[in-house]
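The values are calculated or read from the model by the stated rules, or taken from the named source; none is laboratory data. Everything numeric in this text was worked out from a predicted model, so none of it was measured. All Cβ positions, glycine included, derive from the backbone under ideal geometry; neighbour counts span all protein chains shown.
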Amino acid sequence: MLNSSQLTGGTPRDPCDAFNSDCPGREVLNHLTSRWGLLVLVALQSGPLRFYELRTLVDGISDKMLAQALRTLVRDGLLAREVLPSVPPSVRYELTPLGRDAAEPLQAMLAWVRQNALTVLAAQEDHDHRTAAGP
């Protein structure tokens, strides 16, 4: 197993190295890789969407969790929020340039999940079966 100095080539740790316990990027990493944050960012790659469109697209997300994810991602500078002049007012969200940069590798991760989910589930079942059978 590699230790952090091997990962960084033995150089002093960068304060923004996610392996560093004091790294402020860990909070950003948490926002990007949370289930809802990741799905919202990838969903917005196709263009701006309104709140209800995102809720429909991200199946299973509650209004509360979607609102929380959107607030967090707007605060992080990954999304732009635009209030549209309508009655009742509606809000549209879109990726910022920073959000577009973040969404690309997240899209690749989702593609990997889509391609490998059944294999992972089979491995879990095999592990659980072997564990239940005992030594």
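Structure notes:
- Entry remark, region 25-49: residues being over 10 Å from the mean Cα position of the chain (by Cα) and among the polar types (S, T, N, Q) number 2 in total.
- Of all residues in region 18-68, those satisfying the criterion of being charged (D, E, K, R) and under 20 Å from P97 (Cα atoms) are E27, R50.
- Where helices (runs of 4 or more DSSP H) fall wholly inside region 35-135, the ranges with 2 or more residues that are of a type in the set (F, W, Y) and surrounded by 10 or more Cβ atoms within 10 Å (Cβ to Cβ) are 51-57.
- Residues in region 112-135 that are at pLDDT 95 or above and small (G, A, S): A117, A122, A123.
- Pairs, first without any contact (Cβ under 8 Å) to a residue 40 or more places away in the chain and over 13 Å from R100 (Cβ atoms) in region 71-86, second assigned to a strand (DSSP E or B) and of a type in the set (A, V, I, L, M), C-beta under 8 Å, six or more apart: V74/A80; R81/V91; E82/V91; V83/V91; L84/V91
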